[in-house]
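Structure first, then comments.
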Amino acid sequence: MSKRFFKNMGESISAFFKGLPGKTARWWQFEKIQLGRKIKNFPGEFKTWAKSKIGTAIVFALVIIMVIVGSLSIKKAKENAITYTDDYEAPEKTADLLSEGEYQSVAKNDRFELFFCPEKGTVSVLNRESGKLWESVPNKEVCEANGMTMKKVAEKRTQSALVISYCDLKKKNAEQVTLYSAVDCGFLEYSPIDNGVSVTYGFLKPGIYVTVEYTLQDDGLVTRIPWESIREDWKYALKNLEILPYFGACGNTEGGYMFYPDGSGAVTAFDKVGERSTNVKAAVYYTYTNRKVTFENLYEDNMMRYTAALPVYGLKDGNDALFAYAIEGEEYAGVKVSPYGCLNLSLNRIGFDFAIRNVFDASLYNMTSGENTKATGGSIQRVDKEKIHKDKVVIYTFLSGDDADYSGMAKIYRSYLEKNGLIADRIDDDNYSLALKMLMGTTKSGVIFDEYIAMTTFGQVRDILEELAELGITNEKLVLSDWVKNSGDYNYWGPEFRLGGKSGLNSLSKYAAERPGLDVFLETSFAQCNSSTKGINEDEDVVYDGLGIEIAELYMDGSISYLTNPLTIFKRNGKFLNKLKKYDGVGIAYEDLGRIAYYDYNDLHPFTKDETVQEFRKVFAETEDAGKGISVNGANQYSYSFADYIYNLTEENYGLSITDYSVPFVQMVISGYIPYSTSGAGNLSYDLETQKLKWIEYGSLPYFYVTYESALNLRETPNDTLFSSTWSDWKPIITDTYNEFKENFSCIYGKQMTEHRILSDKVSRITYENGVSIYVNYDENETMADGIKIPGKGYVVTGGIK
Amino acid sequence: MRSIKKIGICLLAAVISFSSFSARVAYASENSADNYVTRDGNGRQPVPDCYVVSKTIYNLGNFEDPNPDAKKKTSVFKGPRDLFIDDNDNVFIADTGNNRIVMLNSDLETVNVFYGPEGAGAFKTPQGIFVDNDGDMYVADTENHRIVHMGSEGELVEIFSNPESDLATGEVFSPSKLIVNDTGYIYVVRGENIMAIDGNGTFRGYYGQTNIGFNLSDVLIRMFASDQQKLFATKRLASSYINVAYGSDGKIYATSLEREEGEIKKLNSVGTNTYRKYKTVGNSFQNPIKKWWNKAMKSVVAGQSFKFGEYFDDDFNYIEPIFTDICVDNNGIVTVIEQLNGKVYQYDQDGRMLVAFGGLGEKKGTFSRSSSIEVDSKGRIYVLDQINNNIQIFEPTEFIQNIHDATSTYNNGNYQESYELWKKVLATDENYDLAHIGIARALYKQGKYKEAMKEAKIVGDRDTYTMAFDEYKYEVLRAHFLPIVLLALAIVIAVIFLIKMFAKKANKGYWKFLTEKNKKMSVGSGIMYAFNVILHPVDAYAGIKYNRDRINPLVPVIILGLAYVVRVAYLYVVHFPLASIETKNINLWLELVKLWIVPVSWIPASFMATSISGGESKMKEIAFASVSSLTPYIVITTPLMFLSNIMSKSQQSWYGVFEVLAYVGMFLLLFAAMMTLNNYSFGKTVGMMFMSAFLMAVMWLVILLCYVLTGRMIQFVISLIEEFRLNFL
């Protein structure tokens, strides 16, 4: 059959292309006669006829399919196309925002008074308690004091209330243009609203108009940018927008600093300016996850470089401080820190930078041709057609006196979270716990077969817990990682049989259920899956970028990792909860949901970043309803209302050269509400004494990451970062450490950390709500602070009721 | 030729890397470790933090320049290129872009700034600074083409310009890095040499010339080119020196671009490198084939054997490290900075890596371009960055201090003390390789051989294992002399018996094939026949020549399989210190290729060669003959792998003879086959052997080219599709 088949097909194809139009009519006549003849002796002859024409049929079918696909894609392309006319003419300039103007009072309450300058479109707020006037743009005195003459464009730009970045949507590689309201605005309109004023800034050249509503509320100044009010008259699309970027901008005033949410919280102190480079660069921290979601950005290092767990920042100037936090659209907020000297401007400035549209990098060699995108280069930036449907609301509040520091800011943010039900209830037990993490299994790639290495079986977990109980340690927060079958495949269920399987897990969970002080969490990574994960459909369940390419990472062994669609995460979590029903004593540890949030352009289930956050909250809520304990890795703010325990909470900042100190801001916010342990494991530290001090300063439970079997087995496995973890070696050290901590620090367990103060480079003081103060000295020599002698590499606990 | 080599390298590297990196990269990628050690140049093992940044200096601080002549310069550094720390921990910075030398005291406060001594003109981009024990400064005043010797207050002592010598003419003298030894000789880096100048400014010769290495094309040019052509041929230069440092032991430490055994050097008084070299590692005896192979491998994949630095950066891109600067502390511990991946590598007195840290980045503790490194008396490491214009000061942690103490005490022969220190190191990091080695050696010295063997095996330390194993062997032998001798005797007798039986059977297979003229060769007797070629090559080959129609094609396939099985078994069974490759690094595909490539590609090559020059052989018998040349390998390796388990590295030469024997046997058999099958004379056979070898090489080349080109093609198509997808869908 085959030879004839191909012959026929070949003939038909050539016949088809030879003289299509003329021949078709004749052919049809001929075929009609033939057909008539064939139908007469139907079965045999028809078959041969059909066979002889099958080639033609296929060609026709192919053409039809191509036409359909082509027209569909053209239709899609037309839908997606950006249409505009090129005959846009910028309107006449009607306002000069650089002109001098008087501030008028527009709203007033007990604590603050709001002023607006109709000529400049800027605002200022008077803190009536301290008399400090906070201006949205630096005034003459500030400028003069810092040697600015207002002659250079860069200096004129400091008078802006708004900085926008836009790009041409039609250009494939969207180049960004930045405009400053003071210099580039040609249109200004304002109207009074309740307790404030609504101002529209018009950037005439690109034809972009933005409305900002400034209102005064009990907490302070509130700015709202309604997304629907953003008007674009021409081909340019607004990409991101900095709101009040120069609010409170000041020179290097004494004792002043900028606070921003880098890691656990970071501070750029003004009086340390001499210890920095003169040409510093600005840093931006995006809430929850870097704006561009790629696997590279989810790795630890990049993650910390660009990511903030909370949408907050602060600025301390003299005895006063400004604290700003985003309460709506915070998923799209970034904190932009530009220290003194940045862009040759002698001002310290900090502000929110909101994404108005989502941006994604499209790598031309994303995954098909290998993992090495850098070497091949091709990557273009694309911007969404649609704006993000979310208002951007920021509260600026003003502190003075003793409260005017980051501790006071933490207090304000804490009370905001509590008022809005965004944080869990206060800790009401007094189970000062030992934080443990155990690696259960790993895989060593072998020559023929990969070798599975059981590091801690379920039975051994129990042995460890029993050994601890014998020594009188009965309170543990225990996270079990890599317990699932083929843990590298990100399956959500199936305890590895070499670790004891279901029966092992069952007996452990029973044991855990009997022990009130013990919380066991099984670690899951729902946000990740790979090509071999069970039940994952690569169309439906994985995250796509704006070009319809999976966010993926190709590994050397050919497997591909994906991010999981939020809806799929929700479904998988539901299934997991079903499986977990039988096992009472164990909760869930979410390895990734508490630290990443992303866009998903998946056709079937698209998610914006805020929808993803909502979906994650739904996941947590479902788990909570099922009565399971929730433990979260990382500390993104949306997880606070559900987490029973937060682990791996960072205790440092990324370490840019502009950063002078890290401060436990996140810890101050959640202390008293959620027990937590920080990322430094005692057994992986270069010096346990230093690590202990870090735990004390950051209010962490003592934390160890151990295995039952010797850590020598972990050589050359993916887990070789765990270079020292053998239980038998660490047992005495762990028990000693825990006993020491329990004796000294159970008094602060469940209490709020109300103040953290850096007394010198190596000495800090931490105060809790019950009056307990702890002095921590990292230096090797004994020092004095507040008249108290603190031993070298040691600490002193004072005050309160011990 | 060069491009061919490159393609070959690419292909082999691809084959090797594809299978040897099969380990899944964990989510928190393993490269995220800031501090790590590598095992002989590959595979990072994270270790606890060894150095933490304690301070960063960007400028002169509160220093007021008292010198009215000096134009008021900015306080910040600009493109600084060199650092020096004297015995009192005063820090000197060659602030190149600002044309000055900055002096900080041990508290890191600026105490003096020098713009050039009075009466000698200002410095012009000084790139090097050295301070002797009296506090006299020697400045490499690069663009003034001179070396300025100043007193400790900046007063002029003398100026050295280009010394006159027959050897030193021609080039412009632009000194950059220099040291001054205790006798007052100045050593300046100059191309592939270090130039010595004495206190009078007289040229005292070149020192420690880098190795120019062997290059086939040079030899050919020398042999065949005319004098005129030779003139135009580009002269190959030896690799340049990059930097020098002066050790407290009076030795000169240097870094160079020399790829073979000289990236980091420790030069003795006559200029010989006494630091760790590749050849001091690994086997003392090497059979010629293996040596050639090792060399080939070395050029293909960096890392099988020891190398300084790393050949893959954090993103797994291939790099060839360039060590910009070197410093040595009082214990002889060497620290270098690498330019391409920004890492700081630290090695002990014997050149074993202690830690690697740093890297490129914006973080504290990383660099944009590190230009100089120094260490002070407290062990703090200072790294100068010429783009960030700063000095970062790294404070050693207790962990690394323990390591330093342990290596130093061991080097001083204090084994018990070093044992305790290594134990301390292991208490912090259970997986620290050197600690296991240190403990193994200490245990060996204590006579605890079995424990020493165990420790050494954990980290693959063959030398210590061998020492301990030899002692352990004698111990066992002494204890159970009679039973062991009896057992050995029994085994020898059994083996002889087995060999005899085997030979008999092989002979039987031979006769069976020859006599049963009407039957096809059966598999069993065919294999036996193949083994018979070892004993009677000429007869056996003649036999198959005249009965070629009855050859069973399954037999060569089975023999190939058998040889492969033996090879793999060998890799696993062979005694640990004798293994040429770590079990974890075994790549089954590579082993297959290594074993099969010659016999398999020999078949078409020799067929082609012989068929055009009067050969009588056909493909079938050539296939049988060349594959059966693997039989000596099988016969020798099988007992050898078991026997190796009572041998150690010290018997390696003895052991190596057998390995060579297998290869020689293979070659002889191929020779015999070609001669017999084609009825060639001896001379003709030799010629045809060469011819076949040449054709074989050509074949490989063609295959390589095809591979590379198809790869390109596929990549092109893929990118085309991707482009289409992005633009139109």
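Each value in this text was obtained by applying a stated rule to the coordinates, not by laboratory testing. On a predicted model such as this, the values are computed, not experimentally measured, just so you know. We place every Cβ from the backbone using ideal geometry, glycine too, and count neighbours over all the protein chains shown.
Rg and Dmax, both from the Cα atoms of segment B:138-203 and both in Å, are 11.3, 36. Based on the Stokes-Einstein relation at 25 °C and a viscosity of 0.890 mPa s, and on the Kirkwood radius from alpha carbon pairs, segment B:425-497 is assigned a translational diffusion coefficient of 179 µm²/s.
Three semi-axes describe the equivalent ellipsoid of segment A:589-647; taken as square roots of 5 times the Cα gyration tensor eigenvalues and ordered largest first, they are 21, 13, 8 Å. Helix B:523-535 sits at what angle to the longest principal axis of chain B, using alpha carbons and giving 0 to 90 degrees rounded to 10? The two axes meet at around 70 degrees.
Dividing the C-alpha radius of gyration of segment B:67-167 by 2.2 N^0.38 Å, with N its residue count, gives 1.04.
Considering helices alone, the calculated mean residue ellipticity of chain A at 222 nm is -8500 deg cm²/dmol, with DSSP H runs of length four and up weighted by -39500 (n - 2.57) and normalised per residue. Remark on residue A:132: its backbone amide H falls under 5 Å from those of A:127, a criterion applied only to residues 5 or more positions apart or on other chains, H modelled at 1.01 Å from N.
Here are some pairs, A:156/A:387; B:520/B:618; A:437/B:423; A:235/A:336; which of them have Cα atoms lying more than 22 Å apart in this structure?
Violating the 22 Å Cα-Cα cut-off are A:156/A:387; A:437/B:423; A:235/A:336.
For segment A:498-537, the convex hull spanned by the alpha carbon atoms encloses 102 Å³ per residue.
If you take the square roots of the eigenvalues of the alpha-carbon gyration tensor of segment B:379-468 and sort them as a ≥ b ≥ c, do you get rounded (a/c under 1.5), prolate (a/b over b/c) or oblate?
prolate
Counting only the Cα atoms, segment A:677-802 fills a convex hull of 115 Å³ per residue. Within segment B:674-724, the ratio Rg/Rh, alpha carbon atoms throughout and Rh by Kirkwood, equals 1.46. In summary, segment A:669-732 shows an alpha-carbon radius of gyration equal to 1.25 times the 2.2 N^0.38 Å reference for compact globular proteins. Every Cα-Cα pair of segment B:609-697 was included, and the share exceeding 24 Å stands at 34 percent. Angle of helix B:398-411 to the longest C-alpha principal axis of chain B, folded into 0 to 90 degrees and rounded to 10: 70°. Grab the other residues whose beta carbon is less than 15 angstrom from that of residue A:320, score K and R as +1, D and E as -1, and report the net. Taking every Cβ under 15 Å from that of residue A:320, the sum is -4. Proximity of backbone amide H atoms, modeled 1.01 Å from N, is registered between residue B:358 and B:344 at under 5 Å, excluding neighbours fewer than 5 places apart on the same chain. If you model the protein assembly as shown as an ellipsoid using its alpha carbon gyration tensor, with each semi-axis the square root of five times an eigenvalue, the axes come out at 60, 47, 38 Å, biggest first. From least to most packed, judged by other beta carbons within 10 angstrom and beginning with the fewest, A:389, B:149, B:536 follow the order A:389, B:536, B:149.
For segment A:638-703, list log₁₀ I(q)/I(0) at each q in 0.22, 0.24, 0.26 Å⁻¹, using the Debye formula over Cα point scatterers of equal strength and ignoring solvent, two decimals each. Rounded to two decimals, the profile gives -0.95, -1.06, -1.17.
Relative to its residue count, segment A:70-115 spans a Cα convex hull of 194 Å³ per residue. Determine the shape class of segment B:451-578: with a ≥ b ≥ c the square roots of the Cα gyration tensor eigenvalues, call it rounded for a/c under 1.5, and otherwise prolate if a/b is greater than b/c, oblate otherwise. Here segment B:451-578 falls in the prolate category.
Taking other Cβ atoms within 10 Å as a rough exposure proxy, B:217, B:368, B:606, A:277 sort from fewest to most as B:217, B:368, A:277, B:606. Counting neighbouring Cβ atoms within 10 Å and putting the fewest first, the residues B:654, B:700 line up as B:654, B:700. Amide H to amide H distances under 5 Å link residue A:587 with A:520, A:521, A:522, A:629, where only residues 5 or more positions off or on other chains count and H is placed in the peptide plane.
Distance distribution note for segment A:391-521: the fraction of Cα pairs above 19 angstrom is 64%.
Between the helical axis of B:588-611 and the longest alpha-carbon principal axis of chain B there is an angle of about 60 degrees. Here the label points at residue B:686 and residue B:505, each 7 Å from Cα along the C-beta direction, are separated by 4.0 nm in the simple model. Along segment B:679-695 the Karplus relation, 6.51 cos²θ - 1.76 cosθ + 1.60 evaluated at θ = phi - 60°, assigns HN-Hα couplings of 6, 8, 7, 4, x, 4, 4, 4, x, 5, 4, 4, 4, 4, 4, 5, 4 Hz to successive residues, with x for each Gly and Pro. Once the mean of 1/r is taken over each pair of separate Cα atoms and inverted, chain B shows a Kirkwood hydrodynamic radius of 30.2 Å.
Remark: the Cα gyration tensor places segment A:529-679 in the oblate category, a/c being 1.5 or greater and a/b not exceeding b/c. Inter-part distance, segment A:688-766 to segment A:594-664, computed on C-alpha centroids, equals 23 Å.
Any chance you could list the semi-axes, whole Å, largest first, of the equivalent ellipsoid that the Cα gyration tensor gives for segment B:97-218, using √(5λ)?
Ellipsoid half-lengths, sorted descending, are 29, 15, 14 Å.
Entry for segment A:524-617 at q = 0.19, 0.20, 0.21 Å⁻¹: log10 I(q)/I(0) = -0.90, -0.98, -1.06, Debye formula applied to identical alpha-carbon scatterers, no solvent contribution.
In sequence order, segment A:245-261 has phi-based couplings of x, 10, 4, x, 4, 8, x, 8, 6, 5, x, x, 7, 10, 10, 8, x Hz under the Karplus curve 6.51 cos²θ - 1.76 cosθ + 1.60, θ = phi - 60°, and Gly or Pro positions carry x. Of all DSSP-defined beta bridges confined to chain A, some 80% are antiparallel rather than parallel.
Net charge of the neighbourhood of residue A:95, taken over other residues with C-beta under 11 Å away and scored Lys/Arg +1, Asp/Glu -1, is -2. Note on chain A: along the principal axes its Cα atoms extend 114, 79, 44 Å, ordered by decreasing extent.
A simple rule links phi to the HN-Hα coupling: the Karplus curve 6.51 cos²θ - 1.76 cosθ + 1.60 with θ = phi - 60°, which for segment A:211-226 gives 9, 10, 9, 9, 10, 9, 10, 4, 6, x, 7, 10, 10, 10, 10, x Hz, with x for Gly and Pro.
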